[in-house]
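Each remark here refers to the structure printed beneath this line.
The values are calculated or read from the model by the stated rules, or taken from the named source; none is laboratory data. Predicted model, so just to flag it, every value in this text is computed and none were measured. Because the Cβ atoms are built from the backbone with ideal geometry, glycine has one as well, and the counts that use them run over all protein chains shown. These accessible areas exclude ligands, DNA and RNA; they are computed on the full protein's heavy atoms, side chains included. Shrake-Rupley method; radii C 1.70, N 1.55, O 1.52, S 1.80 Å.
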Amino acid sequence: MNLPNKLTILRMIMIPFFVVFMLFPITGGTDKWIALALFVIASLTDMLDGHIARKYNLVTNFGKFMDPLADKLLVCSALICLVDLKRIPSWIVIIIIAREFIISGFRLIASDNGVVIAASYWGKFKTTFQMLMICLMIADLGPLELLTEIVMWVALVLTVVSLADYLMKNKGVMKEG
């Protein structure tokens, strides 16, 4: 159990606490700020664990499986909470989650064929904008409502573009599968 794997587990442990602070008024007004802090910290552990694993050659099968799962659980949990709080339309969340399932299935087929599908720049941009969108929506700052909406639309477009990019670049995987 190396440091990157411990960070992945920490991220997964943080998710239920994040959800509680998002959905249940506990502290009388500071809940969203605690939820935002938990989300930002969890997101940063994602960047940190990958960086450490690659830099110090600590990549493990556990990390290869659990890191993307932890990321998806964090983002999906946040998006579902935001739907519940009526800060994002459910149809947008369905598209974002559907993309994650499609890519996960695609990677599974590729893996069975001995092909590793690396993250693309489109996927990285998508993740950056989704994380920014989620942070803005959690903060729910009235003066930034227009910025939040623009970031949401950019995140949605990047979600679709990154899906198309993955599928087009790796269409041979489906033929083999």
| remark: Gly123 fails exactly one of (1) open to solvent by 20 Å² or more (accessible area, probe 1.4 Å); (2) over 21 Å from Pro89 (Cβ atoms), namely (1)
| field | Listing of helices (runs of 4 or more DSSP H) fully contained in the range 89-177 that carry 2 or more residues being under 19 Å from the mean Cα position of the chain (by Cα) and of a type in the set (Gly, Ala, Ser) | value | 90-112, 121-139, 145-169
| Got at least one residue in the range 109-119 being out of contact with any strand residue (DSSP E or B) (no Cβ under 7 Å at 6 or more places or on another chain), surrounded by 15 or more Cβ atoms within 10 Å (Cβ to Cβ) and modelled with pLDDT of 95 or more? | no
| task | Would you tally the residues in the range 28-58 being over 13 Å from the mean Cα position of the chain (by Cα) and aromatic (Phe, Trp, Tyr)? | result | 2
| task | Answer yes or no: is there a residue in the range 59-67 that is within 14 Å of the chain's Cα centre (by Cα), farther than 16 Å from Leu136 by Cα and of a type outside the set (Lys, Arg). | result | yes
| message | Any residue at all in the range 54-71 that's at pLDDT 95 or above and among the aliphatic types (A, V, I, L, M)? | response | no
